[in-house]
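The structure appears below as structure tokens.
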Amino acid sequence: SGKDLEDIVLTCSLCVDCFNRQIIAYSTKKDEKVVGEGLQIYTKERLFEEKSNEYSFVSEEIKNILEQRQLNNTKIPYIELYNYLSKYKRDSYYERAFYLMRYYNGINVDVLSLFMLAISKSYVIGEFWRIDKITHIVSDDHNCQMYYNDIFLHYINANEYFWKKQYKKAIKELDLINENISTSIIRAEIDRLRFKCYYYENNTNNIVKAT
């Protein structure tokens, strides 16, 4: 129906990157077959492009217009998008953080935890543009300056030193982090990076490898 197609395309406009029929069906609570047919219709109309069963908007401008329209609705399915990824694609840390941030309308310590996991992953796979993007998102949120100054900034600096093989400087940055306002996830990431620094500092002949 026309209402189904509208719900589908507006939910798609909220997605960070690509999307598929499973995440849209889960978020809209519609049958996968109905969603699949809707995605195909929009693809034929050249609103979407498809690659390996993943869809994306052809025009970023149109996506933004539709997203703004969806933001005027009383119920925006950010938490459904987050829940789907948490259930089926847990390592999509950036996307999960983004949807949770939109759901809370700001950054809290849970969102920050996911962003830090996303940063760790991005360093390993070389997505440095994503690290810059996360840094801008966090630094621009005036309500989370305590998290930015006391945790995030030191963690970014520590990672930079680590990948430059300046392990002692990385450890000093980690020691500056205020763990009293962190979560178990953040503390685990800090400990993980600190262990790697100590290990490579004492095994200088080893080449840094992603673990």
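The values are calculated or read from the model by the stated rules, or taken from the named source; none is laboratory data. Computed from a predicted structure; not experimentally measured. When we count neighbours, we look across all protein chains shown, and the Cβ atoms used for this are built from the backbone with ideal geometry, even at glycine. Please note that ligands, DNA and RNA were not included when accessible areas were found on the heavy atoms of the full protein model with its side chains. Shrake-Rupley method; radii C 1.70, N 1.55, O 1.52, S 1.80 Å.
Some notes on this structure:
- Sorting 138, 124 by solvent-accessible area of protein heavy atoms yields 124, 138, largest first, with a 1.4 Å probe.
- 33, 196, 121, reordered so the largest accessible area comes first (probe 1.4 Å): 33, 121, 196
- Note on residue 69 and residue 136: with the Förster distance fixed at 30 Å, the Cβ-Cβ geometry gives a FRET efficiency of about 0.75.
- Across the range 15-31, rounded Karplus estimates of 3J(HN,Hα) from the backbone phi angles (6.51 cos²θ - 1.76 cosθ + 1.60, θ = phi - 60°) give 5, 5, 10, 7, 8, 9, 5, 5, 5, 6, 4, 5, 6, 9, 6, 10, 5 Hz, Gly and Pro being marked x.
- Within the accessible area of the range 1-93 (1.4 Å probe), percent carbon and sulfur: 47 percent
- Structure-derived semi-axes √(5λ) of the Cα gyration tensor in Å - corresponding label in (i) 32, 29, 15; (ii) 30, 19, 16; (iii) 38, 18, 14: (iii)
- Annotation: residue 140 carries an accessible surface of approximately 100 Å², with a 1.4 Å probe and no ligand, DNA or RNA atoms counted.
- Helix 93-104 vs. the chain, principal-axis angle (Cα, 0 to 90°, nearest 10): 70 degrees
- Probing with 1.4 Å while keeping every protein chain in the model, the per residue accessible area of the chain equals 56 Å².
- Between the helical axis of 78-88 and the longest alpha-carbon principal axis of the chain there is an angle of about 70 degrees.
- Note on residue 146: accessible area approximately 100 square angstrom, rounded to 10, probe 1.4 Å, nucleic acids and ligands left out.
- Counting only heavy atoms of the protein chains and using a 1.4 Å probe, residue 89 has close to 80 Å² of accessible surface.
- Cross-link partners of residue 165 among lysines (Cα-Cα below 16 Å; sequence separation of 8 or more within a chain): 196, 209
- A Förster radius of 25 Å, combined with the Cβ-Cβ distance separating residue 164 from residue 51, puts the computed FRET efficiency at roughly 0.10.
- Straight-line reach from residue 29: taking Cα to Cα under 16 Å and skipping same-chain neighbours fewer than 8 places apart, the aspartates and glutamates in range are 4, 6, 7, 37, 80.
- Percent carbon-and-sulfur accessible area, the range 116-211, ignoring ligands, DNA and RNA, probe 1.4 Å: 51 percent
- Part-to-part distance (alpha-carbon centres) for the range 163-206 and the range 1-71, which is given in Å: 41 Å
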